[in-house]
Structure formats: C-alpha cells, structure tokens
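Engineer: Got a structure for you, written out below as structure tokens; questions coming shortly.
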Amino acid sequence: MRILLVEDELMLADAVRDHLQASGEAVDHSASVVDAEIMLRGTNYDVLLLDLNLPDGKGLDLLRDLRRSGSATPCIILTAQDQISDRIEGLNAGADDYLVKPFDLNELSARLAAVSRRYSGNPNPFVELDGGVEVDLAGRSVLRDGAQIDLTSREWALFDQMVKRPGQTLSKRQLEEALYEFGAEIESNTVEVYVSRLRRKLGKEVIKTVRGVGYRVEG
Amino acid sequence: MRQNSNQSLQSILTRRLTLTVGIFWLAGSVLAAFSMYHEMQEAFDNSLVTTAYRYAPLIDDYLDGHLGGSADEILPSPAKGEIRTEDHGDGDGDEDIGEDYLMYHVRDGDGRLLLRSYNAQEHPFSAPLVEGFYNEEDLRIYTAMLYGGEQVIQVAEPLEHRREALFESVMAQFLPIALLIPAVIIGVIFALKRGLNPVRRVRDAIEERGDGNLEPIEQGEAPEEISTIITAVNRLMEKLGAALSAERIFTAHSAHELRTPIAAALAQTQRLVEELPEGHESRKRAIQCEEALKRLSRLAEKLLQLARAESSGGFSPTGHNQPLGPTLQLVIEDLKRAGLGLGGEADGVEEGADIRFDADNLATLSANIDLDAFAICMRNLIENALKYGSDDSPVEIAVLEGHIVQVSNGGAPVSPEDLGQLTTRFKRSSNKADGSGLGLAIVEAIAANTKSELKLYSPRPGHSDGFMAELCLHQS
C-alpha cells in the first residue's frame with residue numbers, strides 16, 4: 001500500500017513510518033497541511049493517516065476539502081483528542097476510522113488492513129487463490145498447499161495489492177506506487193523482478209500476466 | 001433549584017401591603033372617630049344650650065297660663081302626640097317625631113322645681129344652679145339662668161344617647177372599610193401578580209441557565225430595576241462561560257499535550273522492540289518499558305478524565321435530552337475491537353470481550369447529558385465489567401425506561417463493605433488489581449455533576465453472583 005502520513009510530531013512520525021515500511025508499505029510523510037495537499041494532488045494514495053492538529057491548519061479541514069474534491073482515499077485519523085464528539089466530527093467529515101494517541105503500532109497496522117480491505121470491496125481477510133494458495137490478509141500469512149510461505153515486505157506489498165482485488169488487472173504503474181515512496185529510486189524492471197520472485201515461491205499459475213496491461217490473481 | 005421553603009415575594013408583599021394599608025386605615029378611622037366624638041360633643045352641647053334658651057319664653061308662657069308658678073308640673077310629650085292638635089305634615093298625621101332624649105327641669109331662684117318634662121326625673125338634678133355644663137352620673141346637664149336668676153332651666157341629655165350616636169357614626173365609617181379590606185387584598189394580589197411577571201420571567205430564565213446553558217437572558221420589556229438585574233446576570237454568565245470554557249480548553253489541551261509525547265515514546269519503544277533480535281538483553285528491557293508506557297498512558301487517561309469530571313468546568317447537563325443510543329453503540333464497538341486486539345487501548349480489557357445488548361433497546365436511550373460525559377461513563381462501566389467479570393459470563397447492557405443504563409457481569413459477588421468503597425479513588429476490587437482503580441470514581445463524579453445517579457449492586461439482581469452498575473441518567 002502507498003500511505004500518506006500527515007503528522008507534525010516527528011518522533012512519532014518516524015516510528016510509524018519505520019513500522020509501516022518494515023511491513024512492506026510505502027510511506028510518504030508530511031508535517032503540514034500545505035505539503036499534504038500538494039502530495040495528495042500528485043499521487044494516488046491507498047490510505048491517508050491524518051493527524052488533526054497541524055501547525056498550519058486542521059486535519060479535518062484537509063479531509064473535508066479532499067472529500068469535496070471527490071476523493072475516496074481511505075482515511076484514518078490519528079489524534080490526541082479522545083472525546084467521542086471529536087470522533088463523531090471526524091467520522092462525519094469523511095474519516096474511515098479514528099485512532100487515539102497513544103496507540104499500539106500493531107493496532108495501527110490492523111486498522112490499516114481493515115480499512116484497506118473494506119475499500120478493496122472484499123472485507124474478508126481470508127482469500128483463496130488458484131494453485132492452492134490461501135492468504136490471510138489480516139495475519140499477513142500465505143499458505144501453499146498448507147505450507148507456510150515466507151514473503152519479504154516488498155514481495156508482500158506487491159502481492160497484497162493484487163490479492164485485495166482478485167480478478168482485477170493492475171497496471172505496472174499501480175503496482176510501482178504500492179512499492180515506492182517519494183525519493184526512492186525506481187528501476188524500470190522492479191515490478192517484473194518481484195513478480196518473478198513471487199511466482200517462484202507461490203507457483204507460476206497464481207499471478208497471471210495480461211500482456212500490455214499488467215498483472216492479476218484469480219480467486 | 002428553587003427553595004420552596006422560602007416565602008414568595010408576592011406573598012410577602014401582599015401581606016405587608018395589606019397590613020400597612022389596614023393599619024393606616026385603622027389609625028385614620030380612630031383619629032376620625034376621636035375627631036367625630038369631639039365634634040359631636042360640641043354639637044350635642046350646643047343643642048342643650050339652644051334648647052334651654054329657646055324653651056325659656058315658651059316655658060314662661062306655659063307657667064303663666066297653667067300654674068301661675070305655684071307647683072311643679074309635667075309637660076306633655078310631643079313625641080307621644082300629647083300636644084299635637086293638628087297635622088303638621090302631609091295630612092295623614094303619621095309623622096314619626098321620634099323619641100325625646102332631652103329632658104328639662106324649670107326651677108325658681110331658690111331651686112324649687114316648677115316644671116319638668118314628662119321624661120324628666122321627679123327630683124331636681126344634682127347639678128348646681130350655676131350657668132354651665134355639669135355631668136351627672138349618666139346625664140349631661142346644661143343650666144341656664146333666666147330673667148336675672150329668677151328662673152333656672154336645666155336641660156339634660158342621657159350620656160347613653162350620645163354614646164349610641166357616636167357608636168353608630170363610627171360603625172357607619174368602619175363597616176364599609178372592613179368590607180373593603182378583602183377587596184383590597186384581592187386587588188393587591190392581582191396587581192402584584194401582574195407587576196411581578198417580569199421578576200418571574202427572569203427567575204425562570206435564570207433557573208433554566210446553569211445546567212450547561214449560559215445563554216444570555218432576553219431583556220424583553222423588563223422594567224428598569226429588572227433590566228439592570230438581567231444585564232448584571234448576563235455579564236456574570238458571560239464571565240462564567242469564559243472561565244468554564246478556559247478550564248475545559250485547558251483540560252483538553254493538557255490531555256493533548258500529555259498524549260502526544262507518550263504516543264511518540266511508545267511508538268519509538270515498540271520500534272526498538274521490533275529491531276532488537278530475540279533473546280537480546282535490551283529487548284526484554286524495551287518490552288518492560290513498552291508495558292510501563294502503556295500503563296502510564298492508561299493512568300494519565302483516567303486521571304485526566306477524573307480531573308475533567310470533578311472540575312467546575314467539566315461536564316454538566318446540556319439543558320436538553322438527546323439520543324444516546326448511537327454513542328453507546330460506538331463505545332461498545334470500540335471496546336469489542338479492543339477486546340479483539342483491533343481497537344484502542346482499553347484499560348485491562350482482555351481478548352475475547354463478549355458484550356451483549358439489544359440494539360433496538362439501546363436506541364431508546366435519551367437523556368440530558370453531554371455526549372462525551374456519557375461516553376466516558378459507559379466506557380468505564382463496560383471496561384469495569386469486562387475486567388472484573390468472569391470469563392464465561394458475558395457483559396450485558398440494557399436500557400430501562402429510556403434513561404437508565406444497566407451494565408452487569410458475572411463473577412464472584414462483591415462484599416457489601418467493598419461495594420460501598422468501589423467509587424472511592426484508587427479502590428480496586430480485591431480479585432484483580434490491574435485496573436487504575438479510578439473508573440467508578442470517574443462515573444460517580446460525572447453522575448454528580450450531571451444530576452444523574454450511579455447505583456451498584458452485588459450480587460446482580462435476579463442472580464446469586466456477579467455485579468451490576470446502574471446509571472440513572474437525568475432527563476429534562
């Protein structure tokens with residue numbers, strides 16, 4: 001997933017970014033509303049992690065503007081405001097979930113996965129694919145013919161994009177966005193390299209190539 | 001809250017005004033009666049003098065014609081028609097001349113009685129033969145010296161007649177006033193009721209305020225005195241509102257300022273745990289550090305809730321009922337997620353939280369309480385039930401009569417001594433001690449500030465075990 005983290009507390013932002021990157025997510029960080037608006041205009045993010053109190057404005061205003069512009073990017077609010085009225089206001093502004101600081105990083109991952117699944121149209125975390133492959137999106141585990149398959153974080157990030165949309169062809173560009181954050185170097189054949197690695201681990205029939213368009217999995 | 005034991009301004013003013021008017025009327029009437037008494041005495045005395053001198057020539061004639069002045073004689077009574085020979089009125093001869101009150105004696109210069117009126121006593125009056133007034137036992141007597149003292153006429157009037165006349169005059173003055181007093185009371189009550197309407201309106205308006213409602217009171221057409229009070233009250237409420245708002249903002253900011261660094265420290269510590277290899281000595285310490293930060297976070301949360309609940313700028317009734325079902329469901333959803341490892345940090349809630357409720361039943365809940373205050377109460381009550389309830393018995397939430405929430409759980413009953421202490425700060429149930437010991441104290445403080453009531457039962461009603469907290473919410 002490509003995630004935009006909008007958080008002005010740098011110590012917290014660093015830890016969240018490191019945690020999510022370690023899980024294979026691509027994370028861009030912004031510490032202000034203005035920067036976040038620019039980044040949202042230029043990139044399609046899978047999830048927005050949004051702090052409410054930012055130095056140059058309110059996170060909720062950013063979210064409202066985003067929704068008014070027609071964007072359906074899933075959004076999880078990260079805030080130190082714990083009142084139920086704040087939470088209701090956040091949900092009414094278009095947030096998908098609300099996480100009160102301090103929070104457990106694993107809890108953040110679980111919420112991200114749940115929101116992402118809800119948006120993919122398949123809220124069920126258990127997916128069965130061709131070739132006897134079973135995927136637990138919540139537990140981030142993959143079984144092939146009952147045997148556990150270990151995936152690196154980047155392999156998982158790519159595979160996760162396809163598994164959440166079984167039957168849907170994803171372009172190479174879409175898959176690249178799931179892998180890279182701003183500033184990261186993008187090789188022209190990176191997606192092919194990771195698809196090749198995944199096929200070696202899961203079997204050739206799991207990921208299908210749609211020539212000239214992209215890749216897809218069948219469930 | 002209106003103090004019913006105090007008398008109303010209307011009743012005080014009615015009583016005092018009626019009493020004052022009554023006393024002044026009474027004093028005026030007494031003065032008038034005294035004045036009347038003296039005037040009447042003068043008039044009666046004048047009547048005696050006039051009678052004496054006007055009768056003198058007539059008596060002289062009469063004595064010349066009848067006795068020649070040799071013996072006492074009784075004059076006939078005009079009132080009895082004894083001297084009436086012809087009709088003097090309208091011709092029917094029935095005029096009522098009335099009773100003769102005046103009596104007289106005619107005496108010679110030596111005091112011998114020559115003539116007396118038919119209603120006069122046989123013996124001479126004891127009054128001395130000196131010109132002037134004299135009071136006998138029950139007679140007022142005037143003595144007139146006639147013809148250089150050759151004859152004396154003494155005209156007497158019974159004092160009883162004078163008293164009777166005075167009494168009738170005074171009564172004629174008092175009776176209408178006595179009858180008017182109830183009418184005056186009714187008039188005063190009516191006038192005061194209308195006059196005090198602006199005061200009553202301001203009283204009702206002030207009574208509506210205070211319960212989280214600090215809106216300015218409308219001036220309307222209030223009289224000057226009331227208008228000044230309204231202005232002063234509005235100014236005070238404005239200051240109070242600003243002070244309460246500042247306190248609320250401070251508490252909210254304190255929470256925000258405290259949570260953010262804890263969140264950063266916790267996240268960094270969790271990253272440290274992740275990055276250190278299994279079995280590393282420092283990893284164990286990092287895990288302990290993480291646990292300590294989580295405990296600190298929960299405790300800070302509860303202390304901030306308690307501070308807010310107990311502060312004057314904390315929670316108070318909102319002034320109107322509002323639906324609470326959705327908020328309660330949101331809290332339950334949060335805690336269920338926490339129990340499943342998907343939700344926020346819940347105080348001691350373990351995985352597998354089983355919370356049962358009827359959504360339609362919860363939707364009936366409505367009360368006069370701030371949503372945040374209600375959410376904090378319910379979160380603490382449900383957390384408490386999940387934490388101290390038995391693992392094999394679900395937490396049940398029910399709404400009664402639209403404003404009473406019951407949260408019950410299974411488990412060993414709490415002793416009556418402990419039950420009475422559970423709302424004390426840092427008091428934990430004896431079987432588990434991983435909570436902050438502040439949950440029920442927070443709920444109790446919020447209940448006290450929102451006119452609600454927290455009742456604790458153990459064993460829960462209808463069972464031989466368990467615990468039930470009942471929050472009876474205030475409805476406007």
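What follows draws every value from the coordinates through simple rules; no lab data is involved. Because the structure is a prediction, the values reported are computed rather than measured. Reconstructed Cβ throughout: ideal geometry from the backbone, glycine too, with neighbour counts over all protein chains shown.
Engineer: Show me, for region A:2-11, the HN-Hα J-couplings you get by feeding each phi into the Karplus relation (A = 6.51, B = -1.76, C = 1.60, θ = phi - 60°), rounded to Hz, glycine and proline as x.
Structural biologist: 9, 10, 9, 9, 10, 8, 8, 7, 5, 4
Engineer: Work out the length of the dipole vector of region A:115-174 about its Cα centre, built from +1 on the beta-carbon of each Lys and Arg and -1 on the beta-carbon of each Asp and Glu, and round it to the nearest 20 debye. Could you put the intermediate results ahead of the total?
Structural biologist: Details: 9 positive and 8 negative charges, 95 e Å.
Using Cβ point charges on Lys, Arg, Asp and Glu, region A:115-174 gives about 460 debye.
Engineer: Calculate the spin-label point distance for B:V49 paired with A:K208, positioning each point 7 Å from the Cα along the beta-carbon direction, and give it in nanometres.
Structural biologist: 14.5
Engineer: What size of dipole, in debye to the nearest 20, comes out for region A:2-120 about its Cα centre when the only charges are +1 on Lys and Arg C-beta atoms and -1 on Asp and Glu C-beta atoms?
Structural biologist: My answer is approximately 520 debye.
Engineer: While we're here: Which net charge results for the neighbourhood of A:A114, defined as the other residues with beta-carbon distances under 14 angstrom from its beta-carbon, given Lys and Arg at +1 and Asp and Glu at -1?
Structural biologist: My count for the surroundings of A:A114 gives -1.
Engineer: In region B:164-209, which GluC sites (Glu not before Pro) are in a loop and have at most 16 other Cβ atoms within 10 Å, using DSSP for the loop call?
Structural biologist: Here no GluC sites (Glu not before Pro) fit, given the DSSP loop and packing criteria.
Engineer: Assuming R0 = 60 Å, what is the FRET efficiency of A:D150 and B:A242, from their Cβ-Cβ distance, to the nearest 0.05?
Structural biologist: Efficiency for this residue pair is about 0.45.
Engineer: Kirkwood Rh, Cα Rg: Rg to Rh for region A:2-120?
Structural biologist: Rounded to two decimals, Rg over Rh is 0.91.
Engineer: Any chance you could list the semi-axes, whole Å, largest first, of the equivalent ellipsoid that the Cα gyration tensor gives for the protein assembly as shown, using √(5λ)?
Structural biologist: Working: eigenvalues 2538, 133, 89 Å².
The three semi-axes for the protein assembly as shown are 113, 26, 21 Å.
Engineer: Using only the alpha-carbon atoms, how far is helix A:153-163 inclined from the longest principal axis of chain A? Give it as 0 to 90 degrees, nearest 10.
Structural biologist: So the helix axis and the longest Cα principal axis differ by about 80 degrees.
Engineer: Note the angle between two axes, namely the Cα long axis of helix A:33-42 and the longest principal axis of the Cα atoms of chain A, as a number of degrees from 0 to 90, rounded to the nearest 10.
Structural biologist: Approximately 30 degrees, to the nearest 10.
Engineer: Under the Karplus relation 6.51 cos²θ - 1.76 cosθ + 1.60, θ = phi - 60°, what is the ordered set of whole-Hz ³J(HN,Hα) values for region B:168-185, x standing for Gly and Pro?
Structural biologist: Result, rounded to whole Hz: 5, 5, 5, 4, 4, 7, 6, 4, x, 5, 4, 6, 6, 4, x, 5, 5, 4.
Engineer: Please report the antiparallel percentage of DSSP beta bridges with both residues in region A:68-141, rounded to the nearest 5.
Structural biologist: If I count the DSSP bridges inside region A:68-141, around 55 percent turn out antiparallel.
Engineer: Could you tell me the relative contact order of chain A? Use alpha-carbon pairs under 8 Å, at least six residues apart, and round to a whole percent.
Structural biologist: 19
Engineer: Please give the peptides B:115-127, B:194-206 ranked by average Cβ packing (other Cβ atoms within 10 Å per residue), highest first, as a rough proxy for protection.
Structural biologist: Taking the mean over residues of other Cβ atoms within 10 Å, the ranking is B:115-127, B:194-206.
Engineer: What is the set of long-range amide H partners of A:H29 at a cut-off below 5 Å, with H atoms built 1.01 Å from backbone N?
Structural biologist: Here A:L5 satisfy the definition.
Engineer: Along its principal axes, what span do the Cα atoms of region A:126-217 show, with the longest given first and each in whole Å?
Structural biologist: Cα extents, longest axis first: 38, 26, 21 Å.
Engineer: Another question, then. Cα centroids of region B:453-476 and region A:129-156: how far apart, whole angstrom?
Structural biologist: Centre-to-centre (Cα) distance: 49 Å.
Engineer: Of the options B:I382, A:I207, B:H161, report the single residue whose Cα projects farthest towards the positive end of the charge dipole of the protein assembly as shown (beta-carbon charges: Lys, Arg +1; Asp, Glu -1).
Structural biologist: Towards the positive end, the residue furthest out is A:I207.
Engineer: Between beta-carbons, use under 12 Å as the cut-off and find the net charge around B:M145, counting Lys and Arg +1, Asp and Glu -1.
Structural biologist: Surrounding charge for B:M145 is -2.
Engineer: Can you give me the long-range amide H partners of A:L54? Hydrogens built in the peptide plane at 1.01 Å from N, cutoff under 5 Å, separation of 5 or more residues or another chain.
Structural biologist: A:G59
Engineer: Excluding A:L137 itself, what net charge comes from residues whose Cβ is under 14 Å from its Cβ, given Lys and Arg +1 and Asp and Glu -1? Intermediate values should be presented prior to the final figure.
Structural biologist: Values: positive: A:R111, A:R117, A:R118, A:R140, A:K164, A:R165; negative: A:E25, A:D46, A:E128, A:E134, A:D136, A:D160.
Local charge sum for A:L137: 0.
Engineer: Let me confirm one metric for peptide B:290-299, namely the mean number of other chain beta-carbon atoms within 10 Å of its residues' beta-carbons.
Structural biologist: The per-residue average across the peptide is 1.
Engineer: Tell me, what ³J(HN,Hα) does each residue in region B:378-383 have, in order and in whole Hz, if you take phi through Karplus 6.51 cos²θ - 1.76 cosθ + 1.60 with θ = phi - 60° and put x for Gly and Pro?
Structural biologist: Once θ is set to phi - 60°, the couplings for region B:378-383 become 5, 4, 5, 5, 6, 4 Hz.
Engineer: Here's a follow-up. Given the pairs A:K164/B:K336; B:K239/B:K455; A:K101/B:K239; B:K387/B:K455, which are separated by over 29 angstrom at their Cα positions?
Structural biologist: Distance filter (> 29 Å) returns B:K239/B:K455; A:K101/B:K239.
Engineer: Next up: Report, in debye and to the nearest 20, how large the dipole of the protein assembly as shown comes out about its Cα centre when Lys and Arg carry +1 and Asp and Glu carry -1 on their Cβ.
Structural biologist: Roughly 5420 debye for the protein assembly as shown.
Engineer: Then there's this: Near the amide H of A:S141, under 5 Å away, which other amide H atoms are found, from residues 5 or more places off or on another chain, if H is placed in the peptide plane?
Structural biologist: HN-HN under 5 Å from A:S141: A:D136.
Engineer: Within 10 Å of each Cβ in peptide A:91-103, how many partner chain Cβ atoms are there on average? Round it to a whole number, please.
Structural biologist: Shielding by partners across A:91-103 averages 5.
Engineer: If you don't mind, there's one more thing I want to ask. Mind pulling the angle between the C-alpha long axis of helix A:105-120 and the longest principal axis of chain A? Nearest 10 degrees, somewhere in 0 to 90.
Structural biologist: Helix A:105-120 sits at roughly 70 degrees to that axis.
Engineer: Rounded to the nearest Å, what's the spacing between the alpha carbon centres of region B:353-383 and region B:34-59? Just the number, please.
Structural biologist: So the separation of the two Cα centres works out to 98 Å.
Engineer: What does the structure give for B:274-283 when I average, per residue, the other chain Cβ atoms found within 10 Å of the residue Cβ?
Structural biologist: Mean partner-chain Cβ count within 10 Å for B:274-283: 1.
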